[in-house]
There are 2 protein chains.
Amino acid sequence: MTQPTLARSWVASANGHADFPLQNLPLGIFSLNHAAPRSGVAIGDCILDLHAALDAFDGEARRAVQATAGGQLNGLFALGRGPRVALRERLLELLAEGSPLQAREAQVLHRAADCQLHLPAKIGDYTDFYVGIEHAQNVGKLFRPDNPLLPNYKYVPIGYHGRASTVRPSGVEVRRPKGQTLPAGQTEPTFGPCARLDYELELGIWIGQGNTMGEAIAIGDAAEHIAGFCLLNDWSARDIQAWEYQPLGPFLSKSFITTVSPWVVTAEALAPFRKAQPLRPAGDPQPLPYLLDQRDQAGGALDIELEVLLSTAAMREQNLPAHRLALSNSLHMYWTVAQLVAHHSVNGCQMQPGDLFGSGTLSGPEAGQLGSLLEITEGGKKVIELASGEVRKFLEDGDEIILRARCTRDGYASIGFGECRGTVVAAR
Amino acid sequence: MTQPTLARSWVASANGHADFPLQNLPLGIFSLNHAAPRSGVAIGDCILDLHAALDAFDGEARRAVQATAGGQLNGLFALGRGPRVALRERLLELLAEGSPLQAREAQVLHRAADCQLHLPAKIGDYTDFYVGIEHAQNVGKLFRPDNPLLPNYKYVPIGYHGRASTVRPSGVEVRRPKGQTLPAGQTEPTFGPCARLDYELELGIWIGQGNTMGEAIAIGDAAEHIAGFCLLNDWSARDIQAWEYQPLGPFLSKSFITTVSPWVVTAEALAPFRKAQPLRPAGDPQPLPYLLDQRDQAGGALDIELEVLLSTAAMREQNLPAHRLALSNSLHMYWTVAQLVAHHSVNGCQMQPGDLFGSGTLSGPEAGQLGSLLEITEGGKKVIELASGEVRKFLEDGDEIILRARCTRDGYASIGFGECRGTVVAAR
């Protein structure tokens with residue numbers, strides 16, 4: 001499906017909207033005046049209430065809307081690509097200029113500012129990958145200067161299981177965690193609030209159709225199992241992490257909260273922003289056959305510009321704009337999303353609709369492209385200077401981190417992901 | 001509550017039953033003739049159908065039974081200790097000799113052999129700990145002969161997030177996983193069926209009441225959040241694990257399946273088998289204050305005998321009894337279950353009713369007490385000789401692993417956990 005680049009919407013704020021023009025149509029779950037959560041579509045500064053507009057849909061598109069009853073998108077995700085595409089095609093008609101739906105605007109459209117946004121789906125399992133190769137190299141250098149990338153990195157899409165119960169939508173406060181840390185030069189740990197609180201800039205992937213336990217998803221079929229994308233902030237307590245993570249990996253240093261942007265940007269909306277998997281540098285191994293698919297190599301990478309901003313309490317008091325910490329891109333993924341799905345299920349592991357993947361931190365190779373404070377301040381050795389006169393090595397209480405994403409391509413309407421925000425509050 | 005040691009049941013098979021005498025009363029979910037799953041209580045060779053007997057319950061006990069509607073125990077787990085205890089007390093009356101319920105035996109009791117058992121709860125998150133210190137030392141020696149226990153081990157109850165979607169009840173076949181492995185002496189991996197398939201003998205813990213994200217569970221309150229216990233087999237693909245696990249821990253080497261015994265043995269049933277936390281060897285550090293509670297130190301450990309048996313296809317054909325691989329005990333846990341709950345939530349991580357913990361492999365210090373083939377065969381260096389004339393280093397297709405558990409104490413009725421079985425089938 002090509003993007004209807006020139007089409008305009010009768011929702012005036014959608015035309016030229018940075019995130020949600022007619023060409024995006026991300027899906028989400030919202031509530032209004034504390035009523036029960038229900039499904040919607042972001043369009044400009046508004047939300048189309050799918051159930052209020054149900055009689056405008058028929059066939060597969062209607063089936064897609066009906067599958068969102070109950071205030072979560074899992075049922076729609078489970079239907080796979082066909083009904084999701086039918087829904088998009090009908091939405092393109094209904095929200096385009098000239099659609100009779102405009103006459104029912106008061107009934108079917110809400111101002112997004114009046115709505116609360118929720119997690120789009122009930123998450124079964126959450127898996128965090130580590131496929132931002134620049135990040136893996138940067139972090140590896142801090143721990144192993146002579147051997148930053150471990151021998152498995154270019155063969156295995158490295159990932160680990162994360163905590164599903166503490167994934168929250170944009171805007172939920174981030175309570176500074178307490179935990180064990182090992183003070184520099186000591187051999188016994190102390191207990192207290194994290195002193196090295198960090199964010200991680202990641203792409204989130206929502207899983208669509210699942211598989212039967214014991215049956216792998218072939219890489220050529222992976223697209224059927226990917227429902228859409230979001231931004232993901234993998235908040236990290238670096239001091240807790242450094243002490244706890246051996247030998248079984250990160251645990252309490254990550255599980256206090258993970259924030260996602262609430263809108264699910266579909267694979268269809270992102271289709272114009274697909275690129276060939278960036279060529280591996282000379283000498284890098286070819287992926288093993290179960291990770292290799294010609295279509296995926298030719299167009300499985302995503303060109304999404306990713307931005308991180310910091311706003312401190314003092315900056316907000318002084319009406320200073322948020323400080324850009326990084327501008328990166330999802331092309332820094334060493335593995336495609338299809339490769340992640342194929343790898344995760346190759347042992348027979350069951351995926352379920354509403355499972356969530358994180359990509360791992362997506363840093364670029366340059367200063368200004370680093371997706372965590374750990375990298376920017378080299379583990380706290382450097383400081384970031386802010387217009388407020390403050391400096392930062394790690395996050396302080398009151399600091400807000402804002403993630404944004406944007407896809408642009410000549411001849412196509414730009415689309416964005418909406419924001420993924422979280423403000424740090426003091427430890428309890 | 002003391003155990004009604006001498007009480008006998010009108011269910012004749014319960015009296016002297018190895019696992020399910022009147023003093024146990026574990027909870028589970030069963031189905032009969034492919035009908036919808038419903039809640040039950042194991043009693044001897046039978047299952048009491050809780051909903052068929054609903055009118056025999058009132059007050060808190062009735063509330064407990066009603067909370068199991070829908071074929072999962074999550075709602076009962078969420079109610080916490082009070083209703084669960086009330087249910088147990090009423091069950092002790094109803095199933096004791098002389099109870100009028102006996103007159104309704106045909107209506108409320110099913111032969112367990114006629115029933116299918118299911119997972120007792122919908123699992124939100126599954127966490128696998130690593131608190132069997134003998135296992136940690138044995139495995140550590142294989143990887144780091146001079147430094148088997150890492151510096152954090154005696155301070156941090158080490159754990160990691162596991163895969164919830166592939167936890168299955170006893171009896172579900174174990175499909176041999178495929179994956180990447182690094183052949184000895186090579187630098188490039190190959191792909192194929194796991195050649196070093198192993199089991200791990202663990203205690204499982206079902207979480208009861210949850211907590212609000214951001215609010216830790218104090219160790220003194222942990223008992224309110226523990227619903228019960230089961231056996232857990234953390235099937236492990238050692239060759240996949242060795243190649244994938246750095247730097248973020250085990251992933252596909254574990255996520256293909258985890259098997260649990262289907263009956264939830266309550267904290268109340270285990271009360272007589274509590275012991276003081278075994279004294280730490282001289283020189284071991286005291287737990288940090290958030291992990292220290294006098295009552296827990298005095299009686300927070302569990303004295304459960306744990307057994308692993310192997311039955312190969314040839315042994316079954318020759319009618320040979322299963323071969324005992326290990327006889328161990330849950331007293332080899334370096335941390336109590338209350339310490340696990342306090343640690344897991346200390347960063348504000350949210351627990352939810354139906355979350356599952358694994359203890360980690362519970363090996364003892366002696367030969368004959370080792371909870372995995374990795375330990376018994378020293379990573380494949382030794383072989384196990386079987387009465388069938390076969391030998392094993394790791395599991396072969398057709399091998400069945402059976403876990404059992406038993407609590408005994410002078411003056412008390414013994415109780416057991418029922419079996420946790422799984423048979424390996426060939427890779428697809």
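Overview of results
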read-out: Label 7 Å beyond Cα on the Cβ vector: A:S388 copy-to-copy distances, nm; value: 6.9
read-out: Helical contribution to [θ] at 222 nm, DSSP H n ≥ 4, -39,500 (n - 2.57), averaged over chain A, rounded to 500; value: -4500 deg cm²/dmol
read-out: Dipole magnitude of segment A:126-425, debye to nearest 20 (Cβ charges: Lys/Arg +1, Asp/Glu -1, about Cα centre); value: 240
read-out: Those aspartates and glutamates that a straight Cα-Cα span of less than 16 Å connects to B:K178, excepting residues fewer than 8 apart in one chain; value: A:E215, B:D198, B:D239, B:E244, B:E396, B:D397
read-out: Only Lys, Arg (+1) and Asp, Glu (-1) charged, at Cβ; segment B:12-117 dipole about Cα centre in debye; value: 340
read-out: Mean projected area in nm² (Cα convex hull; one quarter of hull surface) for the protein assembly as shown; value: 37.3
read-out: Modelled FRET efficiency - R0 45 Å, A:T212 with A:A387, Cβ distances, 0.05 increments; value: 0.25
read-out: Rounded to 10°, Cα long-axis angle of helix A:81-94 versus longest principal axis of chain A; value: 60
read-out: Out-of-range pairs (alpha-carbon distance over 19 Å; input A:K122/A:K275; B:K141/B:K382; A:K122/B:K122; A:K141/A:K381; A:K154/A:K382); value: A:K122/A:K275; A:K154/A:K382
read-out: Hz values of 3J(HN,Hα) by residue in segment B:47-61 - Karplus curve (6.51, -1.76, 1.60), Gly and Pro given as x; value: 10, 7, 7, 5, 6, 5, 9, 3, 5, 8, 10, 9, x, 4, 5
read-out: List B:K141, A:K381, ordered by accessible area with a 1.4 Å probe, largest first; value: A:K381, B:K141
read-out: Quarter of the Cα convex hull surface for chain B, i.e. its orientation-mean projected area (nm²); value: 21.5
read-out: Partner chain coverage, peptide A:235-246 - average Cβ within 10 angstrom; value: 3
read-out: Kirkwood hydrodynamic radius (C-alpha pairs) into Stokes-Einstein, segment A:12-117, 4 °C and 1.567 mPa s, D in µm²/s; value: 95
read-out: Derived scalar couplings ³J(HN,Hα) [segment B:415-421; Karplus, 6.51 cos²θ - 1.76 cosθ + 1.60; whole Hz; x for Gly, Pro]; value: 10, x, 9, x, 9, 10, 10
read-out: Local electrostatic count at A:L142 - Lys and Arg +1, Asp and Glu -1, tallied over other residues with Cβ under 11 Å; value: +2
read-out: Net charge contributed by nearby residues that have their C-beta within less than 12 Å of A:T68 (K/R +1, D/E -1); value: +3
read-out: Residue-averaged beta-carbon neighbours from other chains (10 angstrom radius) around B:146-156; value: 3
read-out: Three principal axis lengths of segment A:42-89 [C-alpha, angstrom, descending]; value: 28, 20, 18
read-out: Over segment A:164-203 - Rg/Rh using Cα atoms and the Kirkwood inverse-distance radius; value: 1.08
read-out: Dipole axis of segment B:12-117 (+1 Lys, Arg; -1 Asp, Glu on Cβ), positive-most option in B:A113, B:G28, B:C46; value: B:G28
read-out: With all protein chains modelled, accessible area of A:F357 [1.4 Å, Å²]; value: 0
read-out: Per the axis that maps chain A onto chain B, nearest residue of A (Cβ criterion) and its distance in Å; value: A:G249, 1
read-out: Area accessible to solvent at B:L142, 1.4 Å probe radius, in Å²; value: 70
read-out: Teacher prompt: B:R280 distances to equivalent labels in other copies, 7 Å Cα→Cβ, nm; value: 4.6
read-out: Net charge over other residues, Cβ less than 14 angstrom from the Cβ of B:Q286 (K, R count +1; D, E count -1); value: -2
read-out: Surface accessible to a 1.4 Å probe, A:R421 within the full protein complex, Å²; value: 70
read-out: Shielding by partners, peptide B:347-355 (average Cβ within 10 angstrom, other chains); value: 6
read-out: Across the identical copies, how the B:R104 labels are spaced - nm, sorted shortest first, 7 Å along Cα→Cβ; value: 5.1
read-out: Descending semi-axes in whole angstrom, ellipsoid equivalent of segment A:316-421, from the Cα gyration tensor; value: 31, 19, 15
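The values are calculated or read from the model by the stated rules, or taken from the named source; none is laboratory data. Values in this document were obtained by computation on a predicted structure and should not be read as measured data. Virtual Cβ from ideal backbone geometry, glycine too; neighbours counted across all protein chains shown. What goes into the accessible areas is simple: the full protein's heavy atoms, side chains included, and nothing from ligands, DNA or RNA. Shrake-Rupley method; radii C 1.70, N 1.55, O 1.52, S 1.80 Å.
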